[in-house]
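The values are calculated or read from the model by the stated rules, or taken from the named source; none is laboratory data. This one's a predicted model, so the numbers in the text were calculated from it and none came from an experiment. Neighbour counts are summed over all protein chains in view; Cβ atoms, including those assigned to glycine, are modelled from backbone coordinates with ideal geometry.
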Amino acid sequence: MDFIEIWRIAQVLLGIGLVIFVHEAGHFLAARWCGVRVDVFSLGFGPTVFSWKRGDTVYQVAAIPLGGYVKMAGEDPGNEERGPSPDDLNSKSVGQRFLIFSGGVIMNVIFGLVIFPILYWVGVPFTQPLIGAPTPGGPAWHAGLEEGTRILEVNGQRVITFPEILNEVALGDPDRCELLIQRPGADATETISLTPQRSASRGLYELGFPPAIDPDRKVFIEEGSPADLAGIKTGDKWISVEGAEEGESIVDAFLNASETGATVTATLESAETGSPYTVSVSPIESETEGPALIGVISVTDEVTALRGTAWSAAGIAVGDRLSEVNGIPIYSADSLSSALTAGTSTSTIMAIRDGQELELSGANLDASDVALGAGPSERRVQVVARSAAADAGLLDGDEVLMVGDVAIDTQETLLKALRANTDKGAPSVLTVARATADAVQEVELSVEAKPLTPLFYGIGVQRAEYVFSEKSPIGAVRLGVGACVKFLKDSWLTLRGIVTDQVPGKNVGGPIAIGVIAHSFASVSITKFFFFLCILSMNLAFLNVLPIPLLDGGHLFFLLIEKIKGSPVSDKVMGYSQLAGLVLIGFIFVYIFYNDISRAVGG
């Protein structure tokens with residue numbers, strides 16, 4: 001572990017410790033202002049790592065850095081042998097105790113109100129609110145949004161980063177989303193309405209697009225990779241790739257070449273000199289890490305959605321299977337794109353509808369106007385290059401009939417049967433139907449799973465990043481205050497979404513997720529890291545106003561009851577409520593740790 005990595009880890013620990021310190025300092029200062037003696041000021045829980053005493057207060061750092069506490073005189077009423085002294089917590093008025101228990105929340109909000117405007121004024125690196133190529137069949141695809149479209153507002157809320165778009169959609173109205181957009185190359189803006197779609201994998205409402213790549217097409221290079229050794233530097237701009245199809249990016253060209261191990265020749269512009277240069281890169285085999293896999297995916301040739309009129313005019317309908325286009329078998333969207341590129345302006349289509357083969361033709365067909373998927377009863381497979389299935393002789397389009405003695409009738413059955421053998425470390429004996437020029441043959445193959453070993457070039461295209469800065473101090477303050485309100489509001493909407501099942505609970509993270517995100521932000525810049533600390537501070541403020549016993553919000557809730565009824569709740573009620581709060585907090589901790597660990601192991 002090098003010095004830079006050690007420093008980043010130290011930054012994370014110090015940064016999270018700072019947020020906790022700010023919260024506990026709020027309680028401490030409020031208590032001292034109200035004349036309450038503070039016995040212990042602790043960062044962390046559990047055994048003391050080190051401590052010192054100043055005046056009446058012991059200041060300590062404890063071993064478990066998951067929070068902190070301020071122990072005030074008279075806070076444990078069962079331990080009092082005499083009446084409360086003037087500097088005890090319970091000798092203070094309801095208003096003073098309310099201020100003391102809300103002091104942490106107030107300080108967390110003040111932290112955001114002070115730091116957010118400074119960050120917006122200095123400048124923070126963000127991912128630009130530009131969209132990548134929309135997912136075929138998704139809401140953005142149906143709406144005709146183009147790659148590179150800039151999103152200015154979502155549901156009337158200004159957005160300056162790409163994650164804000166996702167957040168506003170996920171927490172907004174699931175039936176309607178209004179976007180203010182600026183299309184690529186256009187000066188004018190326009191407003192469009194879309195209906196979000198719930199993601200099957202994440203469970204969140206989405207519009208169906210990734211972040212855009214860098215408009216200047218800057219590349220990033222992995223240290224020690226073939227691209228690095230060939231002389232390409234991170235930040236260089238790619239201009240063209242020899243032999244690439246129209247519209248194909250440098251990443252697509254390298255991915256396509258990786259199937260055969262071809263050398264890729266590309267022209268780039270040096271970030272240092274601004275001069276173009278041409279370089280050839282040959283791949284190496286990546287390290288064999290990861291789980292053992294068979295290396296097959298389902299054929300995706302079923303039309304799941306159409307846009308425009310060209311495909312419909314050709315006679316294609318949703319539910320059809322595209323078996324061939326211009327004589328080329330269709331197994332995926334990539335093979336469809338290649339088949340259309342290989343043909344003329346008029347294409348010949350072989351499609352299957354209700355078991356009947358149709359021969360159709362269409363003019364000016366675009367692969368991007370059709371969405372393809374795999375039907376639930378699809379048994380045909382595509383073979384991953386350099387996988388166990390490829391080594392065993394399995395071919396694209398082979399239809400898996402049996403795995404051992406298990407008859408295959410759906411994708412799910414196929415995956416379960418393959419996984420069962422892989423988990424046992426046993427080879428899978430596949431009986432497949434293979435179409436040849438003359439007939440369909442049954443072939444039996446034995447496939448022993450192994451980790452994938454793709455060929456590796458070590459090059460990619462950077463995301464569309466920029467440093468956002470509000471040069472007007474007043475504008476920066478306005479943005480900073482708005483950010484505080486926004487993140488508090490988002491915390492509430494997230495909690496409400498979990499209760500109503502609009503936001504799956506699996507998306508909630510705990511200490512491990514916080515550490516990972518903090519580390520990634522610290523790796524970008526100090527301003528990005530402090531931006532995350534501000535978000536964390538606002539989330540901590542929100543969490544601590546929830547009426548959960550043992551948390552600040554629980555104390556505030558009981559103080560409100562005391563103010564209304566004129567006397568504190570009974571010791572019995574307080575005891576049972578604190579026990580219930582302890583159980584609830586324990587459950588929450590277990591749940592978020594489970595989510596963290598599940599994400600960490602890819603579950």
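A few notes on this one:
- Residue that is surrounded by the fewest Cβ atoms within 10 Å (Cβ to Cβ) [pool: residues in segment 454-469 that are under 26 Å from the mean Cα position of the chain (by Cα) and under 19 Å from S387 (Cα atoms)]: P454
- Residue within segment 565-576 that is among the acidic types (D, E) and surrounded by fewer than 16 Cβ atoms within 10 Å (Cβ to Cβ) present: yes
- Test set (1) in the same structural domain as I408 (by TED's automatic domain parsing); (2) at pLDDT below 95; (3) of a type outside the set (S, T, Y) - G290 fails condition number: (1)
- All of (1) of a type in the set (S, T, N, Q); (2) within 32 Å of the chain's Cα centre (by Cα); (3) farther than 19 Å from L452 by Cβ hold for S286 with one exception: (3).
- Number of residues in segment 126-159 that are in a loop (DSSP other than H, G, I, E, B) and farther than 25 Å from K486 by Cα: the value is 13.
- Per the listing P125, P129, the residue uniquely at pLDDT 90 or above and in contact with a Phe, Trp or Tyr (Cβ under 6 Å, 6 or more places away or on another chain) is P129.
- Within segment 574-603, residues that are assigned by TED's automatic domain parsing to the domain that holds G553 and of a type in the set (G, A, S) reach partners that are modelled with pLDDT of 85 or more and in a helix (DSSP H, G or I) with beta carbons closer than 6 Å, at six or more positions or on different chains, in the pairs G581/G554.
- Any hit, segment 192-213, residues being loosely packed, with under 13 Cβ neighbours inside 10 Å and either among the acidic types (D, E) or at pLDDT 95 or above (or both): yes
- Any pair with Cβ under 9 angstrom, 6 or more apart, that starts in segment 439-450 at a residue that is in a loop (DSSP other than H, G, I, E, B) and ends at one that is of a type in the set (D, E, K, R): E448/D391
- Boolean, V318 is in contact with an Asp or Glu (Cβ under 7 Å, 6 or more places away or on another chain) and under 16 Å from A367 (Cα atoms): no
- Flag for E269 being surrounded by fewer than 14 Cβ atoms within 10 Å (Cβ to Cβ), of a type in the set (D, E, K, R) and under 16 Å from G460 (Cα atoms): no
- Residue check for G95: part of a helix (DSSP H, G or I), within 30 Å of D571 (Cα to Cα) and either modelled with pLDDT under 95 or among the hydroxyl-bearing types (S, T, Y) (or both): yes
- Restricting A437, A433, A449 to those that are surrounded by 15 or more Cβ atoms within 10 Å (Cβ to Cβ), out of contact with any Lys or Arg (no Cβ under 8 Å at 6 or more places or on another chain) and over 17 Å from R379 (Cα atoms) reduces the list to A449.
- Any chance N167 is crowded, with 20+ Cβ neighbours inside 10 Å, assigned to a helix (DSSP H, G or I) and either at positive phi or not assigned by TED's automatic domain parsing to the domain that holds L18 (or both): yes
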